[in-house]
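Enquirer: Quick one: the structure is below, questions incoming.
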């Protein structure tokens, strides 16, 4: 799903969604949390890591640390969801 598609779906539902800047390639879809009908953008953690590594973060470990401290720490009602794609 693209940023534009997510925006259009949310807009058609009369909602706004929060996006992370620079991680559009990691967008996987939209979801709402049980009991909370606010749509949220779903990002792949692996996709965010890949964006960071392509953007100049030197190693996977540094990218993971950056995600832990700067991305997943956002706690607002409309904060995007970070999905792990581990099997």
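Enquirer: Cα centroids of segment 27-87 and segment 9-24: how far apart, whole angstrom?
Expert: About 14 Å separates the Cα centre of segment 27-87 from the one of segment 9-24.
Enquirer: Right, another one. For the chain, state what percent of all Cα-Cα pairs lands in each successive 10 Å bin, counting from 0 Å until the bin that includes the largest distance.
Expert: 18, 49, 27, 6, 0
Enquirer: Additional query: At a threshold of 8 angstrom on Cα-Cα distance, excluding pairs fewer than six apart, so keeping six or more, what relative contact order does the chain reach in percent?
Expert: Reported as a whole number, the value is 29 percent.
Enquirer: Roughly how many nanometres apart are two label points built 7 Å out from the Cα toward the Cβ at residue 69 and residue 46?
Expert: Once both label points are built, they end up 2.6 nm from each other.
Enquirer: So, one more: Tell me the mean residue ellipticity at 222 nm calculated for the chain from its helices only (DSSP H runs of n ≥ 4, each -39500 (n - 2.57), averaged over every residue, nearest 500).
Expert: Computed ellipticity for the chain at 222 nm equals -9000 deg cm²/dmol.
Every number in this text was worked out from the coordinates using simple rules, so none of it is lab data. Just so you know, these numbers come straight off a predicted model, no measurement behind them. Heads up, the Cβs are rebuilt from the backbone with ideal geometry, glycines too, and the neighbour counts pull from every protein chain shown.
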